[in-house]
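These notes are about the structure you will find just below.
Bear in mind these aren't lab numbers, they're just calculated from the coordinates by the rules spelled out. Since the structure is predicted, the reported quantities are computational estimates derived from the model, not experimental observations. Glycine gets a Cβ as well: all are built from the backbone with ideal geometry, and neighbour counts include every protein chain shown.
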């Protein structure tokens, strides 16, 4: 439960501001599309929340390499710092589907996640699971990383949590990789680096599958200036446009 406790301590000390961050999307050296990360204070079913949208689109010219048309939306409980609803609409290389997850919480903070995945061919996968550990989605965990106070956090620190994906809850890990200077369009950013990985067991050892690396400015804004994204096939980079 350390993940949830850390998040509450950080979020309680700051408020979310409405903002839109825009990115150029690259596949290798080729500019292949655009992405945006939008944060808005709003309400969801009468509850005060922070809505976060991660949107990515490839251009028609880039579709020979890889096509992507994704919208991921999370509604985060602004008082208790935990997701209440998540939706993903995805078209990646012809793999078309939608996912949703609704989160409800018991008096002991146990999370009940009701998940659904709709495939293009009409198949539906549904699952409900209860978890005593913190459960997040791909977007809310990025918001968490932006808000995390890294003072005293050692490089290489593993922060374990659970992630909804494809109507399942997976054990995931956020690894703090220290600080790095990132240069974009001639401008230098001093960044905090976090890697999201999925642990797996192979030949008697724990190994990690890379999913996402994010570079966050080491200042009060905590902007994500770059995202390195791994797909089932291939990878991409999203770089901040300023």
Ranked on Cβ counts within 10 Å of their own Cβ, fewest leading, 36, 67 go 36, 67
Specify the residue with the greatest mean-square fluctuation among 106, 93, 204, computed from a Gaussian network of the chain linking alpha-carbon atoms under 10 Å apart.
-> 204
Cβ density ranking, 10 Å radius, fewest first, applied to 224, 27 yields 27, 224
With springs only between Cα atoms under 10 Å apart, run a GNM on the chain and tell me which of 168, 180, 45 wobbles the most.
-> 45
Compute the Rg to Rh ratio over segment 2-240 from the alpha carbon atoms, using the Kirkwood formula for Rh, and round to two decimal places.
-> 0.94
Go ahead and set up a Gaussian network model of the chain, Cα springs under 10 Å, then flag whichever of 99, 202, 129 fluctuates most.
-> 202
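Length gain on complete extension for the stretch residue 19 to residue 179, per 0.36 nm per residue less the alpha carbon to alpha carbon distance?
Working: separation 160, 0.36 × 160 = 57.60 nm, distance 2.41 nm.
The residue 19-residue 179 span can extend by a further 55.2 nm.
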For 158, 222, what ranking results if the residue with the fewest other Cβ atoms within 10 Å of its Cβ goes first?
-> 158, 222
Mean-position separation - Cα centroids, segment 208-242 and segment 63-133, in angstrom | 20
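Given Cα pairs under 8 Å that are at least 6 residues apart, what percent is the relative contact order of segment 2-240? Write out the running numbers ahead of the final one.
Numbers: 552 pairs, mean separation 31.5, N = 239.
Contact order relative to length: 13 percent.
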Pseudo-spin-label distance residue 230 to residue 70, built 7 Å along Cα→Cβ, given in nm, is 1.3
Give, as ranges by residue number, the residues of segment 158-191 whose backbone N falls under 18 Å from the point 7 Å along Cα→Cβ of residue 116.
-> 164-169
